[in-house]
Structures are given as structure tokens and as C-alpha cells.
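Notes to accompany the following structure.
The values are calculated or read from the model by the stated rules, or taken from the named source; none is laboratory data. The shown structure was predicted, so the numbers you read here are calculated from the model rather than taken from an experiment. Reconstructed Cβ throughout: ideal geometry from the backbone, glycine too, with neighbour counts over all protein chains shown. Accessible surface areas use protein heavy atoms only, side chains included; no ligands, DNA or RNA. Shrake-Rupley method; radii C 1.70, N 1.55, O 1.52, S 1.80 Å.
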Amino acid sequence: MTTTQYAVAIVALILSAGCGTVTDSTSPTVGNAESSLSTAIVVKADDLAEGYQPQGTKIPNALNEAGTAIQGLVGQYKAGSITAEALSKGADEIIEANAQDPVLRVSVPQLVSHATLTALLEGEDAENALAYIARHTESLVNNNSPHADVISEALEALEGHWTNEQVATVASKAVDNAEYFFTRDKAHMASKAEGNMPSGEVSVQQFADNRSRSKSEIGSGVEALDKYLAE
């Protein structure tokens with residue numbers, strides 16, 4: 001029996017504490033790509049320990065490992081080998097294993113819950129997985145994920161499971177996260193063009209196509225969330 005290896009393409013936007021700008025990073029590729037995962041990640045300065053400066057390969061390697069682990073579980077779920085409960089539990093374990101590092105404790109939940117939520121929404125038994133859909137929707141918005149696209153799909157599934165007030169609150173937070181993503185991204189690109197990037201950033205090769213696709217999907221998600229916002 002062979003072990004499937006995944007290419008984990010992470011379009012990560014990391015705001016390092018004290019530097020005031022956003023850092024583009026992408027995880028290294030794992031093995032021969034048979035599947036890929038593209039996720040925009042935001043880590044705000046307020047989420048980091050005071051003075052914490054991520055350097056070297058620790059962060060991208062950890063994200064790569066977490067991404068490979070969740071993609072393995074997603075593959076099993078799609079094949080019918082594990083239940084939605086087992087997928088969600090496995091996702092929680094990956095998140096918990098990375099809870100000690102200031103960057104990873106907010107970036108890994110974004111990566112892992114994004115993959116988990118997408119799989120649950122695409123599954124044939126999404127209606128019976130609403131508790132897990134709700135859990136990972138909350139994980140995304142509470143950890144600053146800008147992925148308004150998948151969150152808007154989740155809220156559509158959660159109508160009737162959540163109150164209108166709950167839906168509106170999550171939609172509002174999701175829009176705020178996405179708007180932060182776009183605002184900081186513009187500031188970052190301007191700084192990069194001027195050669196003002198900070199030292200200590202996580203620097204790995206960018207995946208430009210994934211970045212562009214993620215931005216387009218997030219923008220569409222913001223529009224889809226409008227109907228849930230409280231007037």
C-alpha cells in the first residue's frame with residue numbers, strides 16, 4: 001500500500017508583530033503532487049506574543065505538515081473511509097498539536113478548518129454534518145480567516161440550524177476579516193515595491209496563480225454574505 005503525498009500550496013499573509021506590514025509566504029511542496037490545497041491565511045500583530053518574530057522554515061514547514069495531514073483525512077472522508085465526526089475530530093487534533101506557537105495557533109486553524117469545512121460542504125451528507133460545519137465555520141471567523149467564500153456557503157447550509165442573529169454576526173465578522181485581508185494586501189504590495197519589507201519574514205516561493213484565485217474567490221464570497229448582514 002502506498003501513501004498519497006500532497007502538494008500544499010498556502011497563500012499565507014502574515015502580519016508580524018511590530019513590523020506593520022504583511023508578509024507573503026508559501027509552504028514548500030510535499031512529495032509528488034496528486035492534490036493541492038490553496039488557503040489564504042492572516043495572522044494579525046495583536047495575535048502574536050510581544051516581540052515574536054517568525055524566522056526560517058519552522059512556520060512554513062509546520063503549515064506544510066498540518067496541510068498534508070488534513071488533506072489525508074479529507075481524502076479518507078471523500079472515499080467514505082471515515083465519518084464527518086472522525087474528520088472533525090482529526091482536524092481538532094491537528095489544531096491542538098500546534099496551539100503553543102503564536103503564529104501556528106491562529107494560522108493552522110485557518111488552514112485546517114478551511115479544508116475540513118470545504119470537504120463537509122461538498123459531502124453527500126452535509127445536512128447531518130451541520131454540527132461540524134458550524135464548528136469549523138466558527139473556527140475560521142474566530143481565527144481571522146479571510147475566506148468569505150467558504151463561509152458564505154457554510155452559512156447557507158446553517159440557515160435554520162443557527163438563528164438569524166448568529167448568522168448575521170458570523171457574516172459580519174467574515175466580511176471584516178476579508179476586508180482586512182484586502183487592505184493589508186495592498187499595503188504589503190506597496191511596501192514590497194518600495195523595497196521596505198521587514199527582516200525576519202517567512203520567505204518561500206510564491207504561488208501567484210493560487211494567490212490570484214484565492215483573492216477572486218474571497219471577493220465573490222464577500223458579495224454573497226451581503227444578504228446575511230443585519231440592516
* Taking R0 as 30 Å, what's the FRET efficiency between Glu165 and Ala79 from their Cβ-Cβ distance, rounded to 0.05? -> 0.20
* Asked: Highest mean first, what order results for 115-122, 156-163 on Cβ atoms within 10 Å?
  -> 115-122, 156-163
* Structure fact -> Residues other than Gln166 with Cβ under 14 Å of its Cβ, Lys/Arg counted +1 and Asp/Glu -1, net out at -2
* Neighbourhood net charge (14 Å Cβ-Cβ; Lys/Arg +1, Asp/Glu -1) for Ala66 -> -3
* Pop out the ³J(HN,Hα) list for region 95-100 in order, Karplus 6.51 cos²θ - 1.76 cosθ + 1.60 with θ = phi - 60°, rounded to Hz; leave Gly and Pro as x. => 4, 5, 5, 10, 7, 8
* Whole number in Å², please: accessible area per residue of region 30-127, 1.4 Å probe, ligands, DNA and RNA not counted. => 46 Å²
* Asked: In the neighborhood of Glu93, defined by Cβ-to-Cβ distances under 15 Å, what is the net charge if each Lys or Arg adds +1 and each Asp or Glu adds -1?
  -> -1
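Need one word for region 55-168: rounded, prolate or oblate. Basis is the Cα gyration tensor (sqrt eigenvalues a ≥ b ≥ c); a/c below 1.5 gives rounded, then a/b vs b/c decides. Intermediate values should be presented prior to the final figure.
Details: a/c = 2.33, a/b = 1.37, b/c = 1.71.
Because a/c hits 1.5 or more and a/b fails to exceed b/c, region 55-168 counts as oblate.
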* Taking 7 Å along the Cα-to-C-beta vector as the label spot, tell me the Ser220-Glu156 distance in nanometres, rounded to one decimal. => 1.0 nm
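By how many nm would the segment from Ala86 to Gln53 lengthen if fully extended, with 0.36 nm per residue of separation less the alpha-carbon distance?
8.4 nm is the gain from fully extending Ala86 to Gln53.
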